[in-house]
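The values are calculated or read from the model by the stated rules, or taken from the named source; none is laboratory data. Small disclaimer: the values here were computed from a predicted structure and weren't measured. Here the Cβ is made from the backbone with ideal geometry for all residues, glycine too, and neighbour counts use every protein chain on show.
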Amino acid sequence: MLQIAASIREFGWTNPVLVDKNNTIIAGHGRVLAARKLGIEEVPTISLEHLTEAQVRAYVIADNKLGLNAGWDDELLISELDALKEEGFDIEKIGFTQKELDEVKELEKENEGNEETKFSTELDRESNYIVLKFTKDIDWIQAETIFGLESTFSKRANGKPWSKGVGRVIDGLKAIKKIKESINEG
């Protein structure tokens, strides 16, 4: 909540609280608590009266899960955070600690030199599988979309979610068909 309060203080109110037809908070609990801490008595809201009770419950889950799935372009993130630090901006106001920034930099060092994997439309006739391994979350998201894969996450040693570097084995013939369909649609 302290980070949210710092964000509101720095940037102003940029994200309204979502409420249902009974004015019960659907999304924005942390913003409301931060507003109270800052002495703000009224906050902007958007009413989602059109949602059923099941949709409200589903939205609460989706709102949190989709944020977790978003991922980062680590190279761009490091560049932007470093630039902000050089300008004297306190990166903790945007939710990052120095320790987290150091972890991202360490991962980037580990992945240096890894070329982006290119898909081949040729499949070895002896094998009927493909191993997918990516180092960037966006590549995983694209592969999951193209191949209709379910999201999977492993955990780092420190318990934080981490999908980078984890390989997946998929049916090669089906994958090639999906790749060709994707190329033809694009």
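Would you say residue 89 is under 23 Å from residue 28 (Cβ atoms) and in a loop (DSSP other than H, G, I, E, B)? Don't jump to the end; show me each part of the working.
Values: under 23 Å from residue 28 (Cβ atoms): no; in a loop (DSSP other than H, G, I, E, B): yes.
For residue 89, the condition - under 23 Å from residue 28 (Cβ atoms) and in a loop (DSSP other than H, G, I, E, B) - is not met.
If the Cβ limit is 9 Å and pairs must be 6+ apart or interchain, which residue in region 39-68 that is farther than 12 Å from residue 28 by Cβ and not assigned by TED's automatic domain parsing to the domain that holds residue 14 pairs with which residue that is polar (S, T, N, Q) and part of a helix (DSSP H, G or I)?
none
In this structure, does residue 3 turn out to be in a helix (DSSP H, G or I), closer than 30 Å to residue 141 by Cα and in contact (Cβ under 8 Å) with a residue 12 or more places away in the chain?
Details: in a helix (DSSP H, G or I): yes; closer than 30 Å to residue 141 by Cα: yes; in contact (Cβ under 8 Å) with a residue 12 or more places away in the chain: yes.
Against the criterion (in a helix (DSSP H, G or I), closer than 30 Å to residue 141 by Cα and in contact (Cβ under 8 Å) with a residue 12 or more places away in the chain), residue 3 qualifies.
If you go through region 80-99 one residue at a time, do you hit one that is under 30 Å from residue 142 (Cα atoms), touching a residue at least 12 places away in the same chain (Cβ under 8 Å) and among the aliphatic types (A, V, I, L, M)?
Checked against the condition, which is being under 30 Å from residue 142 (Cα atoms), touching a residue at least 12 places away in the same chain (Cβ under 8 Å) and among the aliphatic types (A, V, I, L, M), region 80-99 yields at least one hit.
Just give me the residues in region 6-34 being assigned to a strand (DSSP E or B) and either under 21 Å from the mean Cα position of the chain (by Cα) or in contact (Cβ under 8 Å) with a residue 60 or more places away in the chain (or both), in sequence order.
17, 18, 26, 27
Look through 35, 54 and report the one residue that is of a type in the set (Gly, Ala, Ser) and surrounded by 14 or more Cβ atoms within 10 Å (Cβ to Cβ). Quick ask: steps written out before the conclusion?
Details: 54 fails: surrounded by 14 or more Cβ atoms within 10 Å (Cβ to Cβ).
Just one listed residue meets the conditions, 35.
Exactly one condition in (1) at pLDDT 90 or above; (2) within 23 Å of the chain's Cα centre (by Cα); (3) aliphatic (A, V, I, L, M) is not met by residue 66; state its number.
(1)
Has region 96-112 got any residue that is outside any helix (DSSP H, G or I) and modelled with pLDDT of 75 or more?
Within region 96-112, the first condition is being outside any helix (DSSP H, G or I), and the residues that meet it are 96-97, 112.
Next cut, modelled with pLDDT of 75 or more only: 96-97.
Yes - at least one qualifying residue is present in region 96-112.
Restricting attention to region 4-24, which residues are surrounded by fewer than 16 Cβ atoms within 10 Å (Cβ to Cβ) and either in contact with a His (Cβ under 7 Å, 6 or more places away or on another chain) or closer than 16 Å to residue 64 by Cβ (or both)?
Correct list: 15 only.
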